[in-house]
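Student: I have a structure here, written as structure tokens, and I will follow up with some questions on it.
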Amino acid sequence: MLNVYRTGAGRRLVGPGPSLHCSMYKVAKLSATYSGDPNVLAIRREDGMQWERRAPLAPKQVKKLVQAGNKVLIQPSNKRAFTHKEYEQAGATIQDDISTARLIVGVKQVPLDKLIPNRTYVFFSHTIKAQEGSMAMLDEMLRKNIRLVDYECMTEANGKRVIAFGKWAGVAGMIDILHGVGLRLLALGHHTPFLHIGLAHSYRNSEFAKQGVRDAGYEIALGMMPESIGPLTVVFTGSGNVSQGAQEVFQQLPFQYVPPAELKYWAENGGEWHRLSFLHRLRQRQPGRPGGVPAAPLPVRPARRAQVLGRERR
């Protein structure tokens, strides 16, 4: 349990004990009481960001809660990935007022004026590292006697996180990054195929988005990148869920992995713009080849290479 309370000097955070499987922020006194019906859970509307469509619980999970004797309230939202009808069919009640719930779950931070006093909230608060942008929300929770259970602090006995960013964060992030690359290069005076890649939310699903990236890759393969642009280098750090998702999207583009030892040479001497590189910090291995198998030598045809800097192992 990670306790957060006020002292004369301001906030004080006390870290979780080693024997606890799930850490939480418990705001105000440990003996504080909380309001609301203990058998009522509410899914709040994500109103902190206009593009947020995720939901903390799917209809099939809500159905299990209802069958177990709980009441589930769904705050209406026209942008949530699941429809009101799907939740109603699962047994939930759609209503704007969720004040009767003792437990309120969401995805991201809650606007200060939307926090209901004396309740338990569950969401990604971005406060575990004392992030400055979330401290006002934490102060408001202290003032309103709110208990916060942060997904980021839920762990197994061995310390492994129960809930973490999945590959979809990497998929969406890479699509947006490639879109941003197109805008950045355009601002520098270069019209590139990256400009034809939209933002992740503009696609119906991930396959449509990947097709958009493949279309841009096809133009790149045809030599439609300006010669004024030098070798493009993309670096993937780490090999977790997010990195894997990002690489899944990136692999829709034409590229070639380059060993770290060759990177400087190709950056300084390599012919055309479409060379790609791949960096491992500890050992080199081909993507998809387990056990650190040494990468095969690259063909000495720099004009056919694309430049991507792959992953950097820690």
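Readers should treat all values here as calculations from the given coordinates under stated rules, not as data from a laboratory. Note that this is a predicted model, so its numbers are computed, not measured. Virtual Cβ from ideal backbone geometry, glycine too; neighbours counted across all protein chains shown.
Student: Counting other C-beta atoms within 10 Å, and keeping those with at most 16, which DSSP coil chymotrypsin sites (Phe, Trp or Tyr not before Pro) do you find in segment 165-194?
Tutor: F165
Student: Right, something else. Could you list which residues have their amide H under 5 Å from that of T155, counting only those 5 or more apart in sequence or on another chain, with H placed in the peptide plane?
Tutor: C22, S23, V162
Student: Next question, about the same structure. How are the alpha carbon pair distances in segment 212-257 distributed across 10 Å bins from zero to the largest one, expressed in percent?
Tutor: Histogramming segment 212-257 at 10 Å steps yields 23, 49, 24, 4 percent.
Student: Under the classification rounded if a/c is under 1.5, otherwise prolate if a/b is larger than b/c and oblate if not, where does segment 184-265 fall, given a ≥ b ≥ c as square roots of the Cα gyration tensor eigenvalues?
Tutor: Judged from the Cα gyration tensor, segment 184-265 comes out oblate (a/c at least 1.5, b/c at or above a/b).
Student: Relative to 2.2 N^0.38 Å, what does the C-alpha radius of gyration of segment 120-165 come to as a ratio? Two decimals please.
Tutor: Here the Cα radius of gyration is 1.23 times the empirical estimate.
Student: Treating the Cα atoms of segment 63-215 as identical point scatterers in vacuum, please give the log10 of the normalised Debye intensity I(q)/I(0) at q = 0.08, 0.14, 0.15, 0.17 Å⁻¹, two decimals.
Tutor: Each listed q maps to, in turn, -0.37, -0.97, -1.04, -1.15.
Student: Sorting check: for 203-216, 116-129, which peptide has the highest mean count of neighbouring beta carbons within 10 Å, and how do the rest follow?
Tutor: The peptides rank, most packed first, as 116-129, 203-216.
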